[in-house]
Amino acid sequence: MKTQGLIGKQIIGAAKLGKLNIINKMIKLIHLIKEEAIKCPVATQNIEVNLKHRQIAIDRYGYGPLNPNNPNIKFWKEKAERWKLDSIEEAKSARCNSCAAFNITSKILNCIEKGLSSGEKEVSVNESDDSENAKINNEKPQNDDLAWDTIDAGKLGYCTMHKFKCAGSRTCDAWITGGPVKDN
């Protein structure tokens, strides 16, 4: 990348002139640039934003069922009728884990893990800001294994359409064939 080459040359030049303060500032700038490239979606880091977006998916797009481990006959019957399908079983085949908006790339799963293992975090974004990205304050790391257990148990991914952490065994009216989104 041209920017990194230019910054590197400036650091070397500053070092030759004995300007350590400038070097430290440039190193901080490099770290900020790297952080910018690996931001996580807000909802993966902030439970309030996640719950807000999930509730919108429930209210507007029929996200559910509440507990996919139960039969949920009424829920699936309504989906089959809405989609004009012949059977409940056909409706059940349209789950989030096979939706084209369901992102389970390693980057997104790491973002989800980071948000879960750190507990509630301060997010530097206005609550009214539905921006895709947030810079988080990592202060209270907890047990990473518990976060991965939660991700596995809930079959979690990230819904790129509705912008929230999504359980793969659920569905919504906006389901799109062709998923999930995975690493290449």
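Each reported figure results from applying straightforward, stated rules to the coordinates on display, with no laboratory input. Being a predicted model, the structure only gives us computed values, none of them experimental. Cβ sites come from the backbone with ideal geometry, for glycine too, and all protein chains shown count toward neighbours.
A few comments on the model shown:
- Report note on the peptides 39-52, 171-184, 89-102: ranked by the mean count of other C-beta atoms within 10 Å, highest first, their order is 39-52, 89-102, 171-184.
- Straightening the chain between residue 183 and residue 144 buys 11.9 nm, computed as 0.36 nm per residue apart minus the Cα-Cα spacing.
- Near residue 105, once Lys and Arg are set to +1 and Asp and Glu to -1 for all other residues with Cβ below 13 Å from its Cβ, the sum equals 0.
- Sites residue 93 and residue 61 - FRET efficiency at Förster radius 22 Å, r taken between beta-carbons, to 0.05: 0.75
- For residue 66, net neighbour charge (Lys/Arg +1, Asp/Glu -1) across residues whose Cβ lies under 12 Å away: +3
- Gain upon complete extension [residue 48, residue 174; 0.36 nm per residue less C-alpha separation]: 43.1 nm
- Segment residue 73-residue 85, extension gain: residue separation times 0.36 nm, minus the distance between their alpha carbons: 2.9 nm
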